[in-house]
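Trainee: After the structure tokens below, expect a handful of questions from me.
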Amino acid sequence: MRKSGWDKTMVNKKAENKDSILNELVRYGQTGMTFSASIFIGFGMGWWLDNKLFAGKTAPWFSFIFLGFGIVAGFKHLWDMNKKISHD
């Protein structure tokens with residue numbers, strides 16, 4: 001017995017659906033990791049400047065400043081991803 005073309009299209013649609021779900025999971029996972037990493041990297045740079053370069057004389061000022069930079073960088077990435085998703 002011969003399989004109809006309808007069966008092949010259903011199999012193709014299921015495979016495409018799995019690929020699109022995986023792509024969405026990867027996209028949102030990347031966004032979350034990038035957002036949190038930018039905050040930790042910003043704070044880490046500020047902490048390093050405070051404690052290692054200036055020997056604690058400026059603590060906690062550079063930590064707060066670079067934490068702010070990290071938060072801004074994280075939100076900028078969220079903004080860019082939102083624009084990219086809305087164009088897709």
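Trainee: Can you name every residue in segment 43-64 that is closer than 27 Å to Gly32 by Cβ and surrounded by fewer than 16 Cβ atoms within 10 Å (Cβ to Cβ)? Steps first, answer last, please.
Mentor: Of segment 43-64, the ones closer than 27 Å to Gly32 by Cβ are 43-49, 60, 62-64.
Across segment 43-64, the qualifying residues are Gly44, Trp48, Pro60, Phe64.
Trainee: Sticking with this one: Please determine whether any residue of segment 44-62 is under 25 Å from Val26 (Cα atoms) and not hydroxyl-bearing (Ser, Thr, Tyr).
Mentor: Within segment 44-62, none of the residues are under 25 Å from Val26 (Cα atoms) and not hydroxyl-bearing (Ser, Thr, Tyr).
Trainee: Further question: Could you tell me whether Asp19 is of a type in the set (D, E, K, R), within 13 Å of the chain's Cα centre (by Cα) and loosely packed, with under 13 Cβ neighbours inside 10 Å? Write out each step before concluding.
Mentor: Values: of a type in the set (D, E, K, R): yes; within 13 Å of the chain's Cα centre (by Cα): no; loosely packed, with under 13 Cβ neighbours inside 10 Å: yes.
Considered against the rule, which asks whether it is of a type in the set (D, E, K, R), within 13 Å of the chain's Cα centre (by Cα) and loosely packed, with under 13 Cβ neighbours inside 10 Å, Asp19 comes out as no.
Trainee: If a residue must be out of contact with any helix residue (DSSP H, G or I) (no Cβ under 8 Å at 6 or more places or on another chain) and within 25 Å of Trp79 (Cβ to Cβ), how many such residues does segment 45-69 contain?
Mentor: Number of matching residues: 0.
Trainee: Select, from Asp19, Asp7, the only residue that is under 30 Å from Asn82 (Cα atoms), at pLDDT below 80 and of a type in the set (Asp, Glu).
Mentor: Of the residues listed, the single one that is under 30 Å from Asn82 (Cα atoms), at pLDDT below 80 and of a type in the set (Asp, Glu) is Asp19.
Trainee: Restricting attention to segment 75-88, which residues are assigned to a helix (DSSP H, G or I) and modelled with pLDDT under 95? Quick ask: steps written out before the conclusion?
Mentor: Going through segment 75-88, the residues assigned to a helix (DSSP H, G or I) turn out to be 75-87.
Within segment 75-88, His77, Leu78, Trp79, Asp80, Met81, Asn82, Lys83, Lys84, Ile85, Ser86, His87 meet the criteria.
The values are calculated or read from the model by the stated rules, or taken from the named source; none is laboratory data. Remember, it's a predicted structure, so these values are computed and weren't measured experimentally. Heads up, the Cβs are rebuilt from the backbone with ideal geometry, glycines too, and the neighbour counts pull from every protein chain shown.
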